Structure formats: C-alpha cells, structure tokens
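The values are calculated or read from the model by the stated rules, or taken from the named source; none is laboratory data. All figures in this text were calculated on a predicted structure; none of them were measured in a lab. Quick reminder, even Gly has a Cβ in these numbers, built from the backbone with ideal geometry, and neighbours come from all protein chains shown. Calculation scope for accessible area: heavy atoms of the full protein, side chains included, ligands and nucleic acids excluded. Shrake-Rupley method; radii C 1.70, N 1.55, O 1.52, S 1.80 Å.
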Amino acid sequence: MRTDHVECTTFTGWAGPPGDVRPALDDDVTCEVAVIGGGLAGMSTALRLAERGRDVVLPEAESCGHGSASRNAGQVAGAPGGDIQLLSMLHRKTLPGIVRFAENSAHFLERLIERLAIDCDHEATGNVCAAVSRGQMGRVRRVTKLLRRAGADVELRGTAGHPDGRPLQRPDQREPTGRPAWRRSELRHG
C-alpha cells in the first residue's frame, strides 16, 4: 500500500479545537503546584487543588482535553463497566457500593458542569443494552436482576409492542403485512 499521499493528524474528531487557546509560555511561571497535562486526570486534579485554595498552573502541549484518554470516548457512564455477572460473582458484597459509585460519578459530573457553567454538549441519556437473540436477552435479564439486587435504577423494557422484552426476530420472520418483524429490547440504566 502506498502512503506518500496520506495525511496524518492527531485530531480525534470528537470535538472541534477550542478557539481561546492561550499562546505558549515564553516566560517563567511561579506557582505552588504544577499539574502537567490537561487530560481528564490533570484537569480534575488542577480543579480540585484550585478549589482548595492552591495556586495551580496546568501546562498542556495542545489544548486541555486534546486527544482521547485510554478509557474515554467522550461518554460518561453512570453504570459499572465490564462483565456485571463476573463482577457480581467475584464481588457480591461490594457490588452495591460499586453501583452507587458509578451512578454518583455521573451525577457529580453533571453538578460540576452546572456549577462551573462549563460549555459542553452533555446530554443525560442513560445506558442501553440491546439484545438480538434469545441468549443475549437471557444475559440482559440476568444483568438486570443483578443490578436491581445491587440497588441500581434499571428497567427491562421491550419496544415495538413487546413490554416483556422479547428479543429481535430474524428478518425472515415476517408480520402478516409482509414487513420484517423487528423487535428490540433494552436495559436502561440511569
């Protein structure tokens, strides 16, 4: 494959670059704490220190939030990640605390956005798990039960007239009208 006409960029495409980036430092700066790097951890650390009265400087090579972190694609999940069944099996007693922590983290961020009037496109939508087979629907039902037992605010619901959460039917299973009988079920969390 030829790559002589390929242009590479470090821009992630998630959001446009900010228009108010300050120029690079050309003098020495004195501060109490320097937090290097304006990723999620750096911005969070600098903010918390500044809120506690520390004199903080946050140097960043590009712009704060530039690029993507190892676990960030611009989404905030108010639910525990990973395999809930395995998490429950290994940490049954601590799962309720993990669920509360995950739910509270999303609410914390929403309050922070409001309190600091952060101009962003945050939209609280919750999480959805869809099932397209009987096996997947069984998994969604098991995860729903585990999360409810752990105190999570979840609901199992079906769409397209199926409140019991039946899985999608294959396209060859037709309604009497001759149209595909697609059905979708989802687990909503948040």
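Taking every residue in segment 114-137 that is over 15 Å from LEU156 (Cβ atoms) and pairing it with any residue that is open to solvent by less than 80 Å² (accessible area, probe 1.4 Å) and β-branched (Val, Ile, Thr), at least 6 positions away or on another chain, the pairs with Cβ-Cβ distances below 6 Å are HIS122/ILE113. Looking only at segment 21-48, residues that are of a type in the set (A, V, I, L, M, F, W, C), within 16 Å of ALA61 (Cα to Cα) and part of a loop (DSSP other than H, G, I, E, B) come to 6 in all. Each residue in segment 78-91 was checked for being more than 18 Å from ARG139 (Cβ to Cβ) and surrounded by fewer than 19 Cβ atoms within 10 Å (Cβ to Cβ), and 1 pass.
Out of curiosity, is GLY37 more than 21 Å from LEU156 (Cα to Cα), of a type outside the set (S, T, N, Q), surrounded by 12 or more Cβ atoms within 10 Å (Cβ to Cβ) and touching a helix residue (DSSP H, G or I) at 6+ places or on another chain (Cβ under 8 Å)? When the stated conditions are applied, GLY37 does not pass them.
Filtered by the rule that a residue be touching a strand residue (DSSP E or B) at 6+ places or on another chain (Cβ under 8 Å), under 16 Å from GLY78 (Cα atoms) and either in a helix (DSSP H, G or I) or of a type in the set (A, V, I, L, M, F, W, C) (or both), segment 121-148 gives VAL128, CYS129, VAL143, THR144, LEU147, ARG148.
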